[in-house]
Amino acid sequence: MPEISTAKPFLAAGPRVAIRHYAYEDSEEFTEQARRSTGHHRPWLFPPTTADAYAEYAAKLIEDPTKAGFLVCERESGAIAGFININNIVAGGFRCGAIGYGAFAHAVGRGLMGEGLGLLVRHAFGAMGLHRLEANIQPLNAASIALVRRAGFRLEGFSPDFLFIDGAWRDHERWAITSEMLDP
């Protein structure tokens, strides 16, 4: 098992998980968990499984101001349970971003990603100053749809041939939440 990274402080914490930004030092743990989770992620998701791929992936999330990457970590151990990224961040009158996420196999079915998504939504609407988050999900990805539905996202529409994934243009449902939809 790789050494668990404690390179970055938590940005928000709940009872079982906390979120923090990616660090380059997370490469070994992240890629090992991604390799162990390939069967769980396919055909929906393709996180980096090598050190070189992770370095390129993390650089975009760390250095590009239109992206923000967050690791969902178990509070007790600091182990990475999954990740949630906000892409296509637009400021100004829109204040929106599109999320992408994945749980690692050891965290599936434990409610950790649901708790992490709740922390991320509050962080995005608070410290980041966003007003809206969108999630575009392939219609057959029932686990992902259930996750956003539990977090309070609403179904807003259907987009045929929306994203190019695994060699083909894939249909997606559009789910969204705004800051007004959060419980006080």
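With the structure loaded, tell me whether Gly82 is modelled with pLDDT of 95 or more and small (Gly, Ala, Ser) or whether it fails that test. Break it down stepwise before answering.
On the way: modelled with pLDDT of 95 or more: yes; small (Gly, Ala, Ser): yes.
Spelling it out, Gly82 is indeed modelled with pLDDT of 95 or more and small (Gly, Ala, Ser).
Looking at the stretch 62-71, can you tell me whether even one residue there is touching a strand residue (DSSP E or B) at 6+ places or on another chain (Cβ under 8 Å), surrounded by fewer than 17 Cβ atoms within 10 Å (Cβ to Cβ), modelled with pLDDT of 90 or more and not in a loop (DSSP other than H, G, I, E, B)?
Within the stretch 62-71, one or more residues are touching a strand residue (DSSP E or B) at 6+ places or on another chain (Cβ under 8 Å), surrounded by fewer than 17 Cβ atoms within 10 Å (Cβ to Cβ), modelled with pLDDT of 90 or more and not in a loop (DSSP other than H, G, I, E, B).
Please verify whether Ala103 is closer than 24 Å to Tyr54 by Cβ and modelled with pLDDT of 95 or more, treating the condition exactly as stated. Walk me through it before giving the result.
Details: closer than 24 Å to Tyr54 by Cβ: yes; modelled with pLDDT of 95 or more: no.
So Ala103 fails the test.
Applying the selection to the stretch 8-66, what residues are of a type in the set (S, T, N, Q) and farther than 22 Å from Ile89 by Cα? Outline the logic, then answer.
In the first step, residues of the stretch 8-66 are kept if they are of a type in the set (S, T, N, Q); the result is 27, 31, 33, 37-38, 49-50, 66.
Those that are of a type in the set (S, T, N, Q) and farther than 22 Å from Ile89 by Cα: Ser27, Thr31, Gln33, Ser37, Thr38, Thr49, Thr50.
Every residue in the stretch 5-24 that is at pLDDT 95 or above and of a type in the set (D, E, K, R), please.
Arg16, Arg20
Determine whether the stretch 74-85 contains at least one residue that is among the acidic types (Asp, Glu), in a strand (DSSP E or B), touching a residue at least 12 places away in the same chain (Cβ under 8 Å) and within 25 Å of Arg149 (Cβ to Cβ).
Initial filter on the stretch 74-85 (among the acidic types (Asp, Glu)): 74, 76.
Remaining after also requiring in a strand (DSSP E or B): 74.
Now restrict to residues that are touching a residue at least 12 places away in the same chain (Cβ under 8 Å): 74.
Now drop any that are not within 25 Å of Arg149 (Cβ to Cβ), which leaves 74.
Looking for residues that are among the acidic types (Asp, Glu), in a strand (DSSP E or B), touching a residue at least 12 places away in the same chain (Cβ under 8 Å) and within 25 Å of Arg149 (Cβ to Cβ), one finds at least one in the stretch 74-85, hence yes.
Are there any strands (runs of 3 or more DSSP E) wholly within the stretch 88-174 with 1 or more residues that are in contact (Cβ under 8 Å) with a residue 40 or more places away in the chain and of a type in the set (D, E, K, R), and if so which?
Working: elements: 96-103, 132-137, 154-165.
The strands (runs of 3 or more DSSP E) meeting that bar are 132-137.
The values are calculated or read from the model by the stated rules, or taken from the named source; none is laboratory data. This structure is a prediction, so every number in the text was calculated from the model and none was measured. For neighbour counting, all protein chains shown are included, and Cβ atoms are generated from backbone atoms with ideal geometry for every residue, glycine included.
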